[in-house]
Amino acid sequence: MNGNITGIPRVPGGFSEIRDLPEVDTPGMIEVDRLMMEDYRISLFQMMENAGRCLAILARAAFLKGSARGKRVAVLAGSGGNGGGALVAGRRLATWGASVQVVPAQQPEAMADVPRRQLEILHGLCGATSAGDDGLYQPFDVILDGLIGYSLSGAPAGRAAELIGWANGNAAPVIALDVPSDFDATGGRVFEPAIRAAATPTIALPKTGLRDPAHRDHVGALYCADISVPPDLYRRLSPPLTAPPFFAEGDIVRVA
């Protein structure tokens, strides 16, 4: 592995590009989250804020021509951490001038505490509205996928499956936070239906299988997004991983 990231090339959007990063599976990412909260005292709310900010920055730079002003954004929000991160991104884009429609996969009371709080903040601060089915027929400039994260346990059903089908049939590009909804980060496989993303900003390190060419139609362009995981944390995993300080030049890097 090349730990020297000085002078690495730039890709569209102005992001650095890096190769040879290790991958992390679902148990490894669960341990990353645990260590972040228990040992490093970095809360889930803070990690969610960082992930959502990176998602918003990528959406603006790579898919909204550098400006969110006047753009229409749909936020597909599940009940867990990915939904919360997508809601943070929607809030950031709304404060940058976008018109944001939240498309929840469940009622607010069915959401975990932290993402539900993010939904309340988004509605309260930015005037974003939650869209029913009628709201899905308007044109969008970009769709943010926060339906299902790395803790996937099987193929989706119900409202989540319906929204995946809607997103895949929409003309707007889809950006999937961390993993495309219905991607199994442990087995490196895709269930159906699954999001077909134009880009995936994965959190911290690439998840197992995201770089497999067979999944390119689902993953799209792969990026890593910084949620402030200290590099030495990866050496505490089992098995330990070694990663350079690859966010030294920015909070988002393109994974080659």
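Does any residue of region 49-72 turn out to be out of contact with any Cys (no Cβ under 8 Å at 6 or more places or on another chain), within 15 Å of ASP251 (Cα to Cα) and not in a helix (DSSP H, G or I)?
Within region 49-72, not a single residue is out of contact with any Cys (no Cβ under 8 Å at 6 or more places or on another chain), within 15 Å of ASP251 (Cα to Cα) and not in a helix (DSSP H, G or I).
For region 180-188, state whether one or more residues are over 16 Å from the mean Cα position of the chain (by Cα), of a type outside the set (Gly, Ala, Ser) and farther than 16 Å from LEU241 by Cβ.
So far as region 180-188 goes, no, none of its residues is over 16 Å from the mean Cα position of the chain (by Cα), of a type outside the set (Gly, Ala, Ser) and farther than 16 Å from LEU241 by Cβ.
From SER238, SER228, which residue is assigned to a loop (DSSP other than H, G, I, E, B), touching a residue at least 12 places away in the same chain (Cβ under 8 Å) and in contact with a Gly (Cβ under 9 Å, 6 or more places away or on another chain)?
Details: SER228 fails: in contact with a Gly (Cβ under 9 Å, 6 or more places away or on another chain).
One residue alone meets the criteria, SER238.
Across region 42-61, what is the number of residues that are over 11 Å from the mean Cα position of the chain (by Cα) and under 20 Å from ASN82 (Cα atoms)?
9
Would you check which residues across region 197-210 are crowded, with 19+ Cβ neighbours inside 10 Å and in a loop (DSSP other than H, G, I, E, B) and list them?
ALA197, ALA204, LEU205, PRO206, THR208, GLY209, LEU210
Scan region 195-212 and tell me whether some residue there is without any contact (Cβ under 8 Å) to a residue 24 or more places away in the chain and within 13 Å of LEU76 (Cβ to Cβ).
No; the residues of region 195-212 include none that is without any contact (Cβ under 8 Å) to a residue 24 or more places away in the chain and within 13 Å of LEU76 (Cβ to Cβ).
How many residues, within region 213-225, are within 25 Å of TRP166 (Cα to Cα) and touching a residue at least 24 places away in the same chain (Cβ under 8 Å)?
Matching residues across region 213-225 total 7.
So is ALA167 crowded, with 24+ Cβ neighbours inside 10 Å, outside any loop (DSSP other than H, G, I, E, B) and touching a residue at least 40 places away in the same chain (Cβ under 8 Å) or not? Don't jump to the end; show me each part of the working.
On the way: crowded, with 24+ Cβ neighbours inside 10 Å: yes; outside any loop (DSSP other than H, G, I, E, B): yes; touching a residue at least 40 places away in the same chain (Cβ under 8 Å): yes.
In short, yes.
I'd like to check something: does region 211-222 contain any residue that is at pLDDT 95 or above, crowded, with 19+ Cβ neighbours inside 10 Å and in a strand (DSSP E or B)?
The answer is yes; a qualifying residue exists.
Among the residues of region 64-73, is any closer than 20 Å to VAL179 by Cα and modelled with pLDDT of 95 or more?
Pass one, region 64-73, residues closer than 20 Å to VAL179 by Cα: 73.
Remaining after also requiring modelled with pLDDT of 95 or more: 73.
Checked against the condition, which is being closer than 20 Å to VAL179 by Cα and modelled with pLDDT of 95 or more, region 64-73 yields at least one hit.
Looking only at region 53-78, count how many residues are under 24 Å from ILE30 (Cβ atoms) and surrounded by 23 or more Cβ atoms within 10 Å (Cβ to Cβ).
Number satisfying all stated conditions: 5.
The values are calculated or read from the model by the stated rules, or taken from the named source; none is laboratory data. Not measured: the values here are computed from a predicted model. Please note: Cβ atoms are built from the backbone with ideal geometry, for glycine as well, and neighbour counts cover all protein chains shown.
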